[in-house]
Amino acid sequence: MGRFDGRVVVVTGAARGIGFGTATRFAEEGASVAILDLDESAAAEAAAKLPLVDGAKAIGIGCDVANTESGEAAVERVVSELGGIHVLVNNAGITRDNLLFKMTDDDWDMVLGVHLRGAFVMTRAAQKHFVAQKYGKILNLSSVSALGNRGQLNYSAAKMGVQGFTRTLGIELGPFGVNANAIAPGFIATEMTDATAARLKIDVDDFRKMNAEANPVRRVGYPEDIAAAAAFLCSDEASYITGQTLYVDGGAKLG
Ligand code: NAP
């Protein structure tokens, strides 16, 4: 028996990175999984790699979470092709880093659009089903950058916004059997942090080593670290936990 047998889980931005790691964990624990990402063929390829348990299905759907029509159509496709929706993981994300004086309107709008508007659009579409069936789990991806990070004004504002969004979802949806929580990862080795290394003109391995040495547990994080916490927070074992943000960062922000 897996914790997610018979459940349908949607993970946005899951063609790679933390999203794919999280989708993999839900599949291992029995769920049917929909991988949503901008590029439908990348989403379908990722879905085909999931380690499904007998009877479970996986699909890949092309979807821009920041676009209302696209997000709503994706949720309806999940419900019709997989027979329902029980868990939504708002993971899709981008960075457009710059110091304030160099940050453009587009850098600001794009980052808030994907992280905040995207989570809003997807959650509003899913909650119709969650409230009607009196069951649902929402997990939002925040970041340690919510606490402030030089060069990430837009991202930091969006990721702290995700925490407020999560708290309010907890209050509004709790009476309907719906839990909403967030995970704030520290440094996780993915293409997103590799891109940061490239921007800073530091070799990827050196960048990971630097971050590992500065971390209390002396290593970087991996998508599996986030996936393990995600599976717990979206499981029925966590049904008395809602509106919370769990920092999964090796203690990076402890001081
Ligand atoms: P990643 O490797 O860059 O993967 C992000 C995925 O999201 C990509 O497949 C990307 O597609 C997709 N995406 C971007 N915009 C989208 C949109 N509008 N609609 C649908 N999909 C979209 O990033 P990651 O490191 O796995 O990060 C996943 C989440 O964790 C993000 O919310 C990120 O902010 C958060 N996080 C990451 C870290 C870290 O250290 N890696 C730390 C804290 C928080 P394309 O490739 O087509 O752009």
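The values are calculated or read from the model by the stated rules, or taken from the named source; none is laboratory data. Everything numeric here is computed off the predicted structure, so don't read it as measured data. For neighbour counting, all protein chains shown are included, and Cβ atoms are generated from backbone atoms with ideal geometry for every residue, glycine included. To get the accessible areas, we keep the full protein, side chains included, count just its heavy atoms, and leave off ligands, DNA and RNA. Shrake-Rupley method; radii C 1.70, N 1.55, O 1.52, S 1.80 Å.
Among the trypsin sites (Lys or Arg not before Pro) in segment 150-180, which ones are in a DSSP loop with at most 12 other Cβ atoms within 10 Å of the Cβ? Mind listing them? Display every interim value, and only then the final one.
Details: sites: ARG150, LYS159, ARG167; in loops: ARG150.
Listed in order of number, the matching sites are ARG150.
Assuming 0.890 mPa s and 25 °C, estimate D for the chain with Stokes-Einstein, Rh taken as the Kirkwood radius over Cα pairs, in µm²/s.
135 µm²/s
Between LYS209 and ALA73, what is the spin-label point distance in nm, taking each point 7 Å from the Cα along the Cα→C-beta axis?
Distance between the two pseudo-spin positions: 4.8 nm.
Please list, in order along segment 171-187, the HN-Hα scalar couplings obtained from phi with the Karplus expression 6.51 cos²θ - 1.76 cosθ + 1.60 (θ = phi - 60°), rounded to whole Hz, x for Gly and Pro.
For segment 171-187, the Karplus-derived couplings read 5, 6, 9, x, x, 9, x, 10, 9, 10, 9, 10, 10, 10, x, x, 6 Hz, x marking Gly and Pro.
Using the alpha-carbon centroid of each, what span in Å lies between segment 14-51 and segment 174-228?
18 Å
So if each residue of separation counts as 0.36 nm, and I subtract the Cα-Cα distance between LEU254 and ASP106, what length gain in nm does that give?
Numbers: separation 148, 0.36 × 148 = 53.28 nm, distance 3.30 nm.
Length gained, LEU254 through ASP106: 50.0 nm.
Hey, what's the Cα Rg ratio for segment 210-249 versus the globular rule of thumb, 2.2 N^0.38 Å?
Numbers: Rg = 12.8 Å, N = 40, 2.2 N^0.38 = 8.9 Å.
That works out to 1.43 for segment 210-249.
Sum -39500 (n - 2.57) across every DSSP H segment of at least 4 residues in the chain, then divide by the residue count to get the 222 nm mean residue ellipticity, nearest 500. Intermediate results must be reported in sequence, preceding the final value.
Numbers: 9 runs with 111 residues, N = 255.
That comes out to -13500 deg cm²/dmol.
With every protein chain kept in place and ligands, DNA and RNA left out, what is the accessible area per residue of the chain? Probe 1.4 Å, answer in Å². Don't jump to the answer; show the numbers that get you there.
On the way: 11920 Å² over 255 residues.
Result: 47 Å² per residue.
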